[in-house]
Amino acid sequence: MKSLISFLFLIMPMAALAGSFVQGLPDGAYHGKFRGQKKGTVNFIVRGYAGCDGCFIAYKLKTPELLGDRTVDLVAYSALPMESVNVNGRLTSKRYSLTPIGVDSTGDLTLPNDDPSLILNISKGVGTRDAEFTITSAQSGNRLGGVESMVFLWSREAPFEIIQPSEGQYRDVGSSKVAATVTSLKTEEDGAHSAHILWMGNIRQEGGDFLLKERLPGVYTFNAISYRGEGNQVRNMPAFIVMFVHGNGQFCFEKQDMMLMVNPVNHVDVSKMILK
Amino acid sequence: MKLFKMKSLSFALLWVAGLSMSVAHAQTNLEYPGGPHSGMSDAEVKKLDAWAQNTQLQLTRLENEVSFDQGESRSDSEIKKKLYDGIKEIAGDSGLKPGDLLLHQSLYAGITLCDIIDVEGLKKGATPGEIGEQVSILKQTITMAKKYYISDQVYVNGLLERRPEVHFNNQLIEFGVELTQFMMKQSRKMIAMDASASYGMIKWSLGVLNRKILDDDRNVAFANTITYLNQKLGAFPEMENLSSDVDAIAKIRDLKNLAKEIFSEIAMTQKSLVQH
């Protein structure tokens, strides 16, 4: 009986996937430009996950030409399909709503605004890496992460891959000093990772012990642990979004494993730490 | 006019009878002349009062324990189990029906919402972060339970003092609105993890809101709202009959629009009741 239940648990997710929805944009990186701007490019990195058919997490990454050397502007979005259309016998969507991911007052990951900030429209090659698409303002009043129009015409190698966190010492770029130590890495029953981090802080933020938790696939929160007389507690601040990536040598992403800490308010204040 | 409203209310009661099949554990006794607990003996009311007071203390203890567990980097699975089992034990000990006290209803909501996520997670496989989301829901429903303990006390004291003017809890509608608003906010992230569970959670909370309006002593004034909400909710499919996650996402938008419409109607009716 026990093995039958285990078998059912094993095949149920597979059965659900059998008739699944195809992502209008397959996983990968897409390369584009801001409308009316000749200089600089923008990358759109797509990563799907199980749990919500057709949904994906997307990262909008402006290149250094737009920002100045060694500066990163990175916005994470929750992308939801807006329709269900049949293309060549497969169910998919040509339109997606993009809502920026942020952190709420309790230090938890959230979508601060119910309304999307951007709308993605696929004009050609839906469901393939040759997809051509535009991103325009959702005109919803949500301007978090920017609402500039963008045109994407080709895919390319992603400047980074999202990876699982690794235990070890991470150092600030351009310095040999240890900036953070990741220990006690654990995996939850739902596959989410958590870890303990000793962070040395930076000019703006105090260092100390922090708790790292995966709140959406590949997206983490970073909360301070407060040591008190009556016991230890997790504090709400600081409110960073953390990602673990492996760079592919493009832009400022060296071919190494690294931890990115993004300020979800301005998306430009990004700390980059490389695994030693 | 009053006769028309009474007819509308009777019609609404019939709808609710149908709806109660889909709203888990909804009460079956649809009319409370003199208040739902007016027939209770003093000893029974005192027992209710003692349970509420004791629960308030137990919840504070549970919150503190969980807060320290998080500081010790305990896994979300352990924390969820502690919260879920603790709340279930407290709520189960009472011998109350979910609608008897708002303190109890809040706890019951936390358990039901976690169950919805678990059921859907088993079908498709959990998305990383879902257990953390359940922890967040359980913690917030404890906060809600403690808040409504205050209005429950006024109500219970009214029963003890045999004051008919407080034989109905005066926060029923406020509770239903707050629960639905809470679910709408929580669904922003939940929708990206499990769209069908998110749908089920909002639909369930709207069912509770309708039940609370019906249980309110001013329900005749809200007859049109009750009927309208019943009709609209009845047209939404059960969570298990959704055709896809895209279908769930579209229907979540419709449920949110319906909720906003109902909030506005409730506010208008409450304003006109104050003026008269």
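None of the figures in this text is laboratory data; all of them are computed from the coordinates on show. None of these values were measured; they are calculated from a predicted model. Counting neighbours? That spans all protein chains shown, and the Cβs are built from the backbone with ideal geometry, glycine included.
Residue-wise test of (1) of a type in the set (D, E, K, R); (2) part of a helix (DSSP H, G or I); (3) in contact (Cβ under 8 Å) with a residue 24 or more places away in the chain; (4) within 14 Å of B:Met190 (Cβ to Cβ).
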{"site": "B:Lys97", "(1), (2), (3), (4)": "yes, no, yes, no"}
{"site": "B:Gln105", "(1), (2), (3), (4)": "no, yes, yes, no"}
{"site": "B:Tyr108", "(1), (2), (3), (4)": "no, yes, yes, no"}
{"site": "B:Ile116", "(1), (2), (3), (4)": "no, yes, yes, yes"}
{"site": "B:Leu122", "(1), (2), (3), (4)": "no, yes, no, no"}
{"site": "B:Ser136", "(1), (2), (3), (4)": "no, yes, yes, yes"}
{"site": "B:Ile142", "(1), (2), (3), (4)": "no, yes, yes, no"}
{"site": "B:Ala145", "(1), (2), (3), (4)": "no, yes, yes, no"}
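Given the criteria in contact (Cβ under 8 Å) with a residue 40 or more places away in the chain and surrounded by 20 or more Cβ atoms within 10 Å (Cβ to Cβ), does A:Phe251 qualify? Before the answer, list the steps.
On the way: in contact (Cβ under 8 Å) with a residue 40 or more places away in the chain: yes; surrounded by 20 or more Cβ atoms within 10 Å (Cβ to Cβ): yes.
Spelling it out, A:Phe251 is indeed in contact (Cβ under 8 Å) with a residue 40 or more places away in the chain and surrounded by 20 or more Cβ atoms within 10 Å (Cβ to Cβ).
What pairs come up if the first residue lies in region A:43-63 and is farther than 21 Å from A:Asp130 by Cα, the second is of a type in the set (Lys, Arg) and not in a strand (DSSP E or B), and their beta carbons are under 7 Å apart, counting only those six or more places apart or on different chains?
Cβ pairs passing all conditions: A:Ala50/B:Lys124; A:Gly51/B:Lys124.
For region B:257-276, which residues satisfy the criterion of being within 12 Å of another protein chain (Cβ to nearest Cβ) and free of Cβ contacts under 8 Å to residues at least 12 places away in the same chain?
From region B:257-276, those within 12 Å of another protein chain (Cβ to nearest Cβ) are B:257, B:259-260; that's our starting set.
Matches in region B:257-276: B:Asn257, B:Lys260.
Looking only at residues in region A:161-170 that are closer than 14 Å to A:Met273 by Cα and either buried (at least 17 other Cβ atoms within 10 Å of the Cβ) or in contact with a helix residue (DSSP H, G or I) (Cβ under 7 Å, 6 or more places away or on another chain) (or both), which one is farthest from the other protein chains (Cβ to nearest Cβ)?
Within region A:161-170, the match that is farthest from the other protein chains (Cβ to nearest Cβ) is A:Tyr170.
Can you tell me which of B:Asp215, B:Asp245 is within 20 Å of B:Ile262 (Cβ to Cβ), of a type outside the set (Phe, Trp, Tyr) and either in contact (Cβ under 8 Å) with a residue 24 or more places away in the chain or crowded, with 19+ Cβ neighbours inside 10 Å (or both)?
B:Asp215
Restricting to region A:172-224, and then to whatever is surrounded by 15 or more Cβ atoms within 10 Å (Cβ to Cβ) and among the basic types (Lys, Arg), can you tell me which residue is nearest to B:Arg74 (Cα to Cα)?
A:Lys186
Among the residues of region B:232-256, how many are more than 9 Å from chain A (Cβ to nearest Cβ) and not in a helix (DSSP H, G or I)?
4
Would you kindly identify the strands (runs of 3 or more DSSP E) lying entirely within region A:224-272 that contain at least 1 residues that are among the small types (Gly, Ala, Ser)?
Details: elements: A:231-234, A:240-247, A:257-262.
Passing ranges, in order: A:231-234, A:240-247.
Consider A:Ala179 against the criteria (1) within 18 Å of A:Ile45 (Cβ to Cβ); (2) touching a residue at least 60 places away in the same chain (Cβ under 8 Å): it satisfies all of them except one. Which criterion is unmet?
(1)
Those residues that are buried (at least 21 other Cβ atoms within 10 Å of the Cβ) and among the hydrophobic types (A, V, I, L, M, F, W, C), I need them from region A:111-129; list them, please. Please lay out each step first, then the result.
If we filter region A:111-129 for residues that are buried (at least 21 other Cβ atoms within 10 Å of the Cβ), which is where we start, we get A:111, A:116-118, A:120, A:122, A:126.
Across region A:111-129, the qualifying residues are A:Leu111, A:Leu118, A:Leu120, A:Ile122, A:Val126.
Could you grab me the full set of residues in region B:73-95 that are without any contact (Cβ under 8 Å) to a residue 40 or more places away in the chain, in a loop (DSSP other than H, G, I, E, B) and surrounded by 15 or more Cβ atoms within 10 Å (Cβ to Cβ)?
First pass over region B:73-95, keeping only residues without any contact (Cβ under 8 Å) to a residue 40 or more places away in the chain: B:73-75, B:78, B:81-82, B:85-86, B:88-92, B:95.
Of the ones still in play, those that are also in a loop (DSSP other than H, G, I, E, B) are B:73-75, B:95.
B:Ser73, B:Arg74, B:Ser75, listed by residue number.
Please verify whether A:Leu120 is within 20 Å of the chain's Cα centre (by Cα) and away from chain B (no Cβ under 14 Å), treating the condition exactly as stated.
So A:Leu120 passes the test.
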